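Taking it in order: structure first as structure tokens, then the write-up.
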Amino acid sequence: MAKMTFSGEIIRGITKDNPILALVLGLCPLLACSTTLENAIGMSFAAWFVLFGSNILVSLLRKQIPPITRIPMFIIIICTFVTITDMVMEAYAPPLYDQLGIFVPLIVVNCIIIGRAEAYANKNDLKYSIADAIGIGIGFLIVLAILGFVRELFGTGGIALYGFEFNIPIEPITFMIVPGGAFMTIGILMAMTNYNNIRKQRKGVA
Amino acid sequence: MKMEKEMISVLVRLVVLAACAGVVLGAIYIPTQAQLEKYKEEQRQLALKAVMPPGTDHFDPVKLGEETLYYRALDADNNLVGFCFFHKQSGSQDMITLAGGIDTDYKLAGIKIVAHKETPGLGSKIAELEFTDQFKGVHTSELALSKKGGKIDAITGATISSQAVIDGLHAKIDEIKGMN
């Protein structure tokens, strides 16, 4: 295995271990919160904050966490960060909170976060755990933002983002707003990534 | 013995972690809750502004103990424009929260359904402008469903919800009348 570097770990989170496209984790918030670009970005940052906090704490405490109770302890740590996010968002960004609703508290059971705590932060140094959180977070943000962009653009015929707005002259396709549209878009994205990977592998062999 | 010791150390760690989490959350709860109250108050002010005619500048709450009964609506020169209020009335499913405004002659200036859980597609229409706009300018004495000789057309298939809104308004306006 190649030597770990800080930037290498970040890039790995975006590409090889991309939480959605490669690990296929966290599809539930993905479907629910990617109806508009603004929601998608809000959701990614909420999840990112929780992931960041939990990766740091789990990594710092990993020698103190007895293996038999590691899952309850991860959950306590994750719950704390989720509740912080929930309270802060409700108080300071109520419109976003109304839109995301139940999916903010549901970050607790988001498999990306507990997955990274279990598979990575529990075994690695603080430095690399931070890099992992940054990388996975960016990976999640990119996919969610693409999905939100595509769904909002074709589903409503325009993009509205923090006061900025533009429209395209098409008839809105309601299908893109319902979960089916998200599945289709994510399927196409995955196919494109896989196609790219296979082509790269073939080139490497030849 | 060894087993017991291990169990205790695991327990202690869990309890300490949970206690730390509790302290952190408590510390964050206080400022966010204060901010949330402020936001809710702003929303309340907006709802009151929406049911009163333009020219209303600010609201003076009339309180009984801690509870706000209604608001005296004042213009920029502190002249009384009318009264406005929030009221909870039981609808066909759950409580309907409504905001209403009346002028000094007890004529309705406007109403707004703040929250409700009425049947979607039927009772839920009480929140639509088509229903709430009917109340503008209606005097208390005319405030009843049209089949009972009043001026309000009920929503088809949702008489209970429509009646509940009217009952709620009557209850609150009578209360205000009794106090002025």
### Task
Quickly rank B:139-146, A:76-83 as a protection proxy: mean count of other C-beta atoms within 10 Å, highest first.
A:76-83, B:139-146
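Mind checking B:35-44 for the average number of partner chain beta-carbons within 10 Å of each residue's beta-carbon?
2
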## Note on the structure
With a 1.4 Å probe and ligands and nucleic acids left out, the total accessible area lost when A pairs with B, in Å² to the nearest 100, equals 1600 Å²
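Cβ neighbours within 10 Å, averaged per peptide: list B:162-172, B:34-44 in order, most packed at the top. Show your work: numbers first, answer last.
Numbers: B:162-172: 20.5, B:34-44: 12.7.
For the peptides B:162-172, B:34-44, the packing ranking is B:162-172, B:34-44.
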### Task
Could you point to the residue in B:P120, B:I96, B:G55 farthest towards the positive end of chain B's charge dipole, with +1 and -1 charges on the Cβ of Lys/Arg and Asp/Glu respectively?
B:P120
### Summary
Here the range B:138-150 yields Karplus 3J(HN,Hα) values (6.51, -1.76, 1.60; θ = phi - 60°; whole Hz; Gly and Pro given as x) of 7, 7, 3, 5, 9, 7, 7, 5, 4, 6, 9, x, x
## Note on the structure
With Cα coordinates, the longest principal axis of chain B makes an angle with the long axis of helix B:159-179, in degrees rounded to 10, of 80 degrees
### Message
Probe radius 1.4 Å, ligands and nucleic acids ignored: give me the carbon and sulfur share of the accessible area of the protein assembly as shown as a rounded percent.
### Response
64 percent
### Task
Determine the distance separating the Cα centre of the range A:173-201 from the Cα centre of the range B:100-141; give it in Å without decimals.
47 Å
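Please sort through the DSSP H helices of chain A and keep those with an alpha-carbon extent of at least 30 Å along the long axis and a Kyte-Doolittle average not below 1.0. Provide the component values of the computation, followed by the final result.
Numbers: long enough: A:37-61 (36 Å, 1.50); A:70-92 (33 Å, 1.50); A:126-156 (43 Å, 1.55); A:179-205 (39 Å, -0.11).
Those that pass (Cα extent of 30 Å or more, hydropathy at least 1.0) are A:37-61, A:70-92, A:126-156.
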### Task
May I ask for the distance between the Cα centers of the range A:36-57 and the range B:1-32, given as a whole number of Å?
25 Å
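I'd like the per residue volume of the convex hull spanned by the Cα atoms of the range B:51-179, given in cubic angstrom. Don't skip to the end; give the middle numbers.
Numbers: hull volume 13.1 nm³, N = 129.
That works out to 102 Å³ per residue.
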#### Entry: Dipole magnitude of the range B:51-179, debye to nearest 20 (Cβ charges: Lys/Arg +1, Asp/Glu -1, about Cα centre)
380 debye
### Summary
A student asked for the Cα radius of gyration and Dmax of the range B:1-68 in angstrom ought to give 24.3, 79
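Rounded to the nearest angstrom and ordered from largest down, what semi-axes does the equivalent ellipsoid of the range A:65-206 get from its C-alpha gyration tensor (root of 5λ)?
That gives 32, 26, 13 Å for the three semi-axes.
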### Task
Determine the per residue accessible area of the range B:111-180 with all protein chains present and a 1.4 angstrom probe, expressed in square angstrom.
52 Å²
### Average accessible area per residue (Å²) across the range A:19-205 - probe 1.4 Å, nucleic acids and ligands excluded
47 Å²
## Note on the structure
quick shape note, the range A:150-206: Cα extents on principal axes in Å, largest first -> 49, 24, 20
### Sequence-distant lysines (8 or more away, or on other chains) whose Cα lies within less than 18 Å of A:K123
A:K3, A:K63
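Which translational diffusion coefficient, to the nearest whole µm²/s, is obtained for the protein assembly as shown from the Stokes-Einstein equation, given a Kirkwood hydrodynamic radius over C-alpha pairs, 25 °C and 0.890 mPa s? Don't skip to the answer; put the middle values down first.
Numbers: Rh = 25.2 Å.
Here the translational diffusion coefficient equals 97 µm²/s.
What is the average number of partner chain Cβ atoms found within 10 Å of a Cβ in A:27-36?
For this peptide, the per-residue mean of nearby foreign Cβ atoms is 0.
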### Task
Relative to the longest principal axis of the C-alpha atoms of chain B, give the angle of the C-alpha long axis of helix B:2-51, reported between 0 and 90° and rounded to the nearest 10°.
20 degrees
### Query
In the range A:29-68, what is the volume of the convex hull around the alpha carbon atoms, normalised per residue and reported in Å³?
61 Å³
### Alpha carbon convex hull of the range B:88-147, projected area averaged over orientations, nm²
4.3 nm²
### Summary
One finds the C-alpha centres of the range A:1-26 and the range A:126-159 to be spaced, in Å, by 14 Å
### Task
Just the Kirkwood number for the range A:98-164, please: inverse of mean 1/r across all distinct Cα pairs, in Å, one decimal.
14.3 Å
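The values are calculated or read from the model by the stated rules, or taken from the named source; none is laboratory data. Please read all numbers here as calculations on a predicted model, not as lab measurements. Methodologically, a virtual Cβ is constructed for each residue, glycine included, from the backbone with ideal geometry; neighbour enumeration extends over all protein chains shown. Please note that ligands, DNA and RNA were not included when accessible areas were found on the heavy atoms of the full protein model with its side chains. Shrake-Rupley method; radii C 1.70, N 1.55, O 1.52, S 1.80 Å.
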